[in-house]
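Some notes on the structure that comes next.
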Amino acid sequence: MFYPPAPWILQGYALISLHLLNIDRVRHLIPSELEIISVWSGKTVGGVYLSYYGSESELEYSELIVVPAFVGYRGTVGGWVSHIYVDNPDSVAGGREIWGLPKELAQFTWEKDNSVIVRQNNQILCNLKYDQPLFAWRQWLGGSSFSTKNSELLTFIAELESNLGLISSKLEVPVESPFSSLGFAQPFLSVQCDRMSLRVRSPEVLGQTAVAYS
């Protein structure tokens, strides 16, 4: 497998949907060292991120990231990635070996009717339908994510510059999907990122985990 060293610079577009999830339904997916951030009576913020990175990127591929909770650790706050799928074997290898992310291969179908379907071995993982935004504005955003590699707890920063537009969307997660138990209802906020430039930095070791997560 060939993949570039970090940081990865990725150019393309993305769809982001944010959801309120029950903490008791996601706790088992998250290392006990991480504090789940509660935003409303036993609920945390989770999200689904769907993207396509074009030929001008370090690697060309589509990606689905599932975040079941926002978490904190010793002053650092970010998202925990429980499931992540791509359609490029080099991205799988790089994600696992650099950031410790549990990347798996899947197939992505970007439809002309503003929907994207993600499948793995003929099983639908999720289907997101969305509308085009009425307006957009150029914005820079940055945030942290957590992962584990062997027994090390890692964090890494992603920086994004994009034309952002608010959209309406509908997320469908079949019961057979590996992350259906998280209870994704309809999002309270959905955003389209167009003409996006994403920079994913090298990870830093924060500490140790009691058990290995994969």
* At a probe size of 1.4 Å, how large is the accessible area of Glu58, to the nearest 10 Å²? -> 80 Å²
* Where does each of Asp113, Asp90, Asp194 land when they are ordered by accessible area, with a 1.4 Å probe and the largest first? -> Asp113, Asp194, Asp90
* Tell me, what is the 1.4 Å probe accessible area of Leu153, in Å² to the nearest 10? -> 0 Å²
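Calculate what fraction, in whole %, of the accessible area of segment 86-214 sits on carbon and sulfur atoms when a 1.4 Å probe is rolled over the protein chains.
Within segment 86-214, the accessible surface is 50 percent carbon and sulfur.
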* What shape does segment 70-135 take by its C-alpha gyration tensor, where a ≥ b ≥ c are the square roots of the eigenvalues and a/c under 1.5 counts as rounded, a/b above b/c as prolate, and the rest as oblate? -> oblate
* With charges set only on the Cβ (+1 for Lys and Arg, -1 for Asp and Glu), what does the dipole of segment 90-178 come to about its Cα centre, in debye to the nearest 20? -> 80 debye
* Put +1 on the Cβ of each Lys and Arg and -1 on the Cβ of each Asp and Glu in the chain; which of Met196, Ser144, Ile98 then has its Cα farthest toward the positive end of the dipole? -> Ser144
* Asked: How much net charge surrounds Trp8 when only the other residues with a Cβ under 13 Å from the Cβ of Trp8 are counted, with Lys and Arg +1 and Asp and Glu -1?
  -> -4
* Asked: Shape call for segment 139-195 from the C-alpha gyration tensor, a ≥ b ≥ c root eigenvalues: rounded (a/c under 1.5), prolate (a/b greater than b/c) or oblate?
  -> oblate
* Environment charge of Lys43, counting only residues whose C-beta is closer than 14 Å and scoring Lys/Arg +1, Asp/Glu -1 -> +1
* **D_trans [Stokes-Einstein, Kirkwood Rh over alpha-carbon pairs] for segment 113-214, 37 °C, 0.692 mPa s, µm² s⁻¹** => 200 µm²/s
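So, for segment 12-133, what is the accessible surface per residue at a probe of 1.4 Å, expressed in square angstrom?
Here the residues of segment 12-133 average 43 Å² of exposed surface.
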* **Exposure ranking of Met196, Met1 by accessible area [1.4 Å probe, largest first]** => Met1, Met196
* To do: Would you kindly find the accessible area of Arg201, with a 1.4 Å probe and non-protein molecules such as ligands, DNA and RNA excluded, rounding to the nearest 10 Å²?
  => 100 Å²
* Structure fact -> With the 8 Å Cα cutoff and a minimum separation of six or more residues, the chain has a relative contact order in percent of 25 percent
* Asked: For His83, His28, what's the largest-to-smallest order of accessible area, 1.4 Å probe?
  -> His28, His83
* Asked: Any idea how many Lys pairs in segment 49-189 come in under 25 angstrom at the alpha carbon, given 8 or more places apart or on separate chains?
  -> 6
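The values are calculated or read from the model by the stated rules, or taken from the named source; none is laboratory data. These numbers were taken from a predicted model, which means no experiment stands behind them. Glycine also receives a Cβ, built like all others from the backbone with ideal geometry; neighbour counts cover every protein chain displayed. Protein only, heavy atoms only, side chains kept; ligands, DNA and RNA dropped before computing areas. Shrake-Rupley method; radii C 1.70, N 1.55, O 1.52, S 1.80 Å.
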